[in-house]
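The block underneath contains the structure these notes are about, expressed in structure tokens.
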Amino acid sequence: MEYRACIHNDECGTVVFTFPDIEVKNLSPVHIVSLACLIEHISRFDVEIKVDRKTPVGDYLFQTLKFREYWAGGQDHSHIEDENILNLWRLKDEQKELYGNEVTKYLKDKFKSDKDLSSIKVSITEAFYNVCDHAYAEGNAFSFIQFDPDNQILQIAVCDFGIGIGNSVRTVLPYVSDEEALRKAIEPKFTVKSKLHNSGMGLDSIRGSSTKDQNMLILSNGAFLMTKEESVRTKKMDFEFKGTLVYYKINLNHYEAEETLDTLDFDYLN
């Protein structure tokens, strides 16, 4: 039986997730956050969630990413040993400050270099704020951050099962399509509910931090948007995504060193 019919008709007490044909190396942050939102959604129907640990992916979710602690243990975040991952984080309004502090710590601990990473921290925390301010996801929202040290690529994914960007934008622009709403949402200074922390710069700051050889992807309601450098592409989808998924990558090789004027030699001025 299709799971939606099952949970809505109260005909199942348990849903088992199994991943027989997927390798752990093929998992991306997009898969992790969207799966977390789906599990959270199903669990709210008083359905027991189980993960088949006999598969490599199931064991990875259970042992390494500690998925069980989020639902059986009621955790919003669980620290893991893999230093390249800032593990799954349930995005709640009251967690804003804690999340921002943890992102700062992650960047400082992981990237002990002279690169200026302040814009990365801003983009990640703004993704959090966008969920809290506009998604109305009622706690069904997660972020996941992963670093590829070999290629110096930082991957960030944020997913929520809220109202979606299209529906949010239509509170102020009632007649726009989902594609038009996505284009509007990435415009600088556009906002549906201004807050002091971003004043409409949330998605634009995310786009700005995505480096020139990397894309930003937004999937919401019935459309997706992809940006690369100055190019913006949107397309209508043949299914409805009830919420928003934001995924972007940052190549740290493109980030310049932070200015440290106090260490420079100015003798040539004399």
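The values are calculated or read from the model by the stated rules, or taken from the named source; none is laboratory data. This one's a predicted model, so the numbers in the text were calculated from it and none came from an experiment. Note that we place each Cβ from the backbone using ideal geometry, even for glycine, and neighbour counts take in every protein chain shown.
Descriptive notes on the structure:
- Any hit, the stretch 59-73, residues being in a loop (DSSP other than H, G, I, E, B), more than 19 Å from ASP148 (Cβ to Cβ), free of Cβ contacts under 8 Å to residues at least 12 places away in the same chain and of a type outside the set (Phe, Trp, Tyr): yes
- For the stretch 42-76, taking the residues that are touching a strand residue (DSSP E or B) at 6+ places or on another chain (Cβ under 7 Å) and loosely packed, with under 15 Cβ neighbours inside 10 Å, the one that is nearest to ASP21 (Cα to Cα) is identified as LYS50.
- Subset of the stretch 79-124 [modelled with pLDDT of 80 or more, acidic (Asp, Glu) and outside any loop (DSSP other than H, G, I, E, B)]: ASP93, GLU94, GLU102
- Residues that are among the acidic types (Asp, Glu) and over 16 Å from ARG68 (Cβ atoms) within the stretch 26-43 are absent altogether.
- Residues in the stretch 243-269 that are part of a strand (DSSP E or B), surrounded by 10 or more Cβ atoms within 10 Å (Cβ to Cβ) and either modelled with pLDDT under 80 or touching a helix residue (DSSP H, G or I) at 6+ places or on another chain (Cβ under 9 Å) (or both): GLY243, THR244, LEU245, VAL246, TYR247, TYR248, ILE250.
- When ARG68, ARG44 are checked against the criterion of being within 25 Å of GLY164 (Cβ to Cβ) and charged (D, E, K, R), a single residue qualifies: ARG44.
- Which numbered condition ASP116 misses (of (1) within 19 Å of ALA141 (Cα to Cα); (2) surrounded by fewer than 21 Cβ atoms within 10 Å (Cβ to Cβ); (3) in contact with a strand residue (DSSP E or B) (Cβ under 8 Å, 6 or more places away or on another chain)): (1)
- Residues being part of a helix (DSSP H, G or I) and either surrounded by fewer than 23 Cβ atoms within 10 Å (Cβ to Cβ) or touching a Cys at 6+ places or on another chain (Cβ under 6 Å) (or both) - total across the stretch 169-180: 2
- Test: residue in the stretch 92-99 that is surrounded by 18 or more Cβ atoms within 10 Å (Cβ to Cβ) and not hydroxyl-bearing (Ser, Thr, Tyr): no
- Residue check, ILE39 over 24 Å from TYR106 (Cβ atoms) and either surrounded by 14 or more Cβ atoms within 10 Å (Cβ to Cβ) or modelled with pLDDT under 85 (or both): no
- Boolean, ILE7 is closer than 30 Å to ASN130 by Cα, modelled with pLDDT under 90 and not in a helix (DSSP H, G or I): no
- Scanning the stretch 130-167 for residues that are polar (S, T, N, Q) and either in a strand (DSSP E or B) or surrounded by fewer than 24 Cβ atoms within 10 Å (Cβ to Cβ) (or both) yields ASN140, SER143, GLN146, ASN151, GLN152, GLN155, ASN167.
- Reported count of residues in the stretch 223-235, each being buried (at least 19 other Cβ atoms within 10 Å of the Cβ) and either more than 14 Å from VAL246 (Cα to Cα) or at pLDDT below 90 (or both), is 1.
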